[in-house]
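As structure tokens, the structure follows; a few thoughts come after it.
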Amino acid sequence: MSQYWSAVVRGLTPYTPGEQPKLANLIKLNTNENPYPPSPRAVAAIRAELGEDGARLRLYPDPNGDSLKAAVARHFERFAITPRQVFVGNSSDEVLAHVFQALLQHQAPLLFPDITYSFYPVYCGLYGIDYETVPLDQDFAIRAADYQRPNGGIIFPNPNAPTGRALALEEIETLVAANPDSVVVIDEAYVDFGADTAIALVQRHPNLLVVHTLSKSRSLAGLRVGFAVGHPDLIEGLERVKNSFNSYPLDRLALAGAVAALEDGVWFEQTRQAVMQSREELSARLSGLGFQVLPSAANFVFARHPGHDAAQLAQKLRERSIIVRHFKLPRIDQHLRISIGTPAECAALVAALTDILA
């Protein structure tokens, strides 16, 4: 701790990202990365934007990201989304950071689940936002009725993380309609793997904001692109914060790759279907080994074995060069979050667990 730190910095407990070990022959199932490469069209677009000599990199990118906003609107044209309803940023984490400051910093407490994305309380600490956690039920599901109380905003992922459980679109609309004076933020990082997007509700509810990332279902975690969709008034609030922080959050390569990835619907559908099929197969095989596996609509599963300590299982897998995520947190310290890998990686995991449990 330095004498030069501000009081805010002294009081922060920073977010801890998933481990990124630099080891050879590692089966990495701990950070929910897509096991398949991004769209070849995205890679080609990035190369084309770079050019032979990279001369375009001397120029600033479009500060508004208009090409990406238009691509997002086209992707969701079935919901009549326009570019004015789209905000873009450097990853969904940056988008969320602006959301917390622009839309969720009020007198009443912010509400989010007790088991959820662990960045939420970090943002609250950074921006001085009072919050209350709402317990998941005994099956680790979100109950919309639990959020019908005074609040300064509501946020949760759908599907939730790290549980993978999804809330039905009808329940989300009930929750949004019951809180017309608060912004409700649905963080849809994993929605493409089995849940329904709440973007379908945006035109009916001016208090709803939906946040997406291209890290998961578009295999672009290394590019850092996120966006939000909502009423133009909400988007304007985010733009005011962004332009007071960093007017150029997305570089030229990120914009080019993101647009191409959104336009390649065939690749998107092939890879997400492959992930979902592997998830169902892995869930069945884990259940056959005695694991209790929560129903997942994400690109990971959340499981526990009643006869084995989760931390010890994670350590024994690590000794076999397989990394999964273990959270030392109340209610979930006996669970493992396992990202869906390739079929070969999932088979190696099952083989290792079979050996360990024997």
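Of note:
- Shape call, the range 103-225: gyration tensor on alpha carbons, a/c limit 1.5: rounded
- Distances between placed amide hydrogens fall under 5 Å for Phe76 paired with no residue 5 or more residues away or on another chain.
- Taking chymotrypsin sites (Phe, Trp or Tyr not before Pro) as exposed when their DSSP state is a loop state and no more than 15 other Cβ atoms lie within 10 Å, the longest site-free interval of the chain runs over 16-244.
- Extension gain from Ser118 to Ala200, taking 0.36 nm per residue of separation minus the Cα-Cα distance: 26.9 nm
- Given a 1.4 Å probe and the protein chains as shown, Lys216 ends up with an accessible area of around 40 Å².
- Alpha-carbon spread of the range 1-155, three principal axes, descending order, Å: 55, 45, 40
- Heavy-atom surface analysis with a 1.4 Å probe gives the range 198-345 a carbon and sulfur content of 50 percent of its accessible area.
- Of all DSSP-defined beta bridges confined to the chain, some 50% are antiparallel rather than parallel.
- The range 227-358: C-alpha gyration tensor shape, a/c 1.5 cut-off, then a/b vs b/c: prolate
- Working from the Cα coordinates of the chain, the gyration tensor eigenvalues give, after taking √(5λ), semi-axes of 31, 26, 21 Å in decreasing order.
- Taking all protein chains together and rolling a 1.4 Å probe, Asp139 ends up with roughly 80 Å² accessible.
- Positive contributions from Lys and Arg (+1) and negative ones from Asp and Glu (-1), summed over other residues with Cβ under 13 Å from the Cβ of Thr342, come out at -1.
- Considering only alpha-carbon pairs that sit under 8 angstrom and 6 or more positions apart, the relative contact order computed for the chain is 24 percent.
- Taking amide H positions as modeled 1.01 Å from N, with prolines and chain starts lacking one, the residues under 5 Å from Tyr131 and 5 or more places away or on another chain are Leu110.
- The lysines within cross-link reach of Lys316, meaning a Cα-to-Cα straight distance under 21 Å and a gap of 8 or more places when in the same chain, are Lys22, Lys28, Lys328.
- q = 0.19, 0.22, 0.30 Å⁻¹: log10 I(q)/I(0) that the Debye formula gives for the range 1-53, counting C-alpha atoms only: -0.83, -0.90, -1.12
- Over every Cα atom in the range 205-277, the radius of gyration and the widest Cα-Cα span, Dmax, amount to 14.5, 44 Å.
- Sequentially through the range 17-25, phi angles give Karplus couplings (6.51, -1.76, 1.60; θ = phi - 60°) of x, x, 4, 10, x, 9, 10, 6, 6 Hz, Gly and Pro residues having no value and appearing as x.
- Normalised per residue, the accessible area of the chain is 45 Å², obtained with a 1.4 Å probe and no contribution from ligands, DNA or RNA.
- Sorting the Cα pairs of the range 280-340 by distance into bins of 5 Å, from 0 upward, gives 4, 19, 29, 30, 16, 3 percent per bin.
The values are calculated or read from the model by the stated rules, or taken from the named source; none is laboratory data. All values reported here derive from a predicted model rather than from experimental measurement. Glycine also receives a Cβ, built like all others from the backbone with ideal geometry; neighbour counts cover every protein chain displayed. Surface accessibility is based on the protein's heavy atoms, side chains included, excluding ligands, DNA and RNA. Shrake-Rupley method; radii C 1.70, N 1.55, O 1.52, S 1.80 Å.
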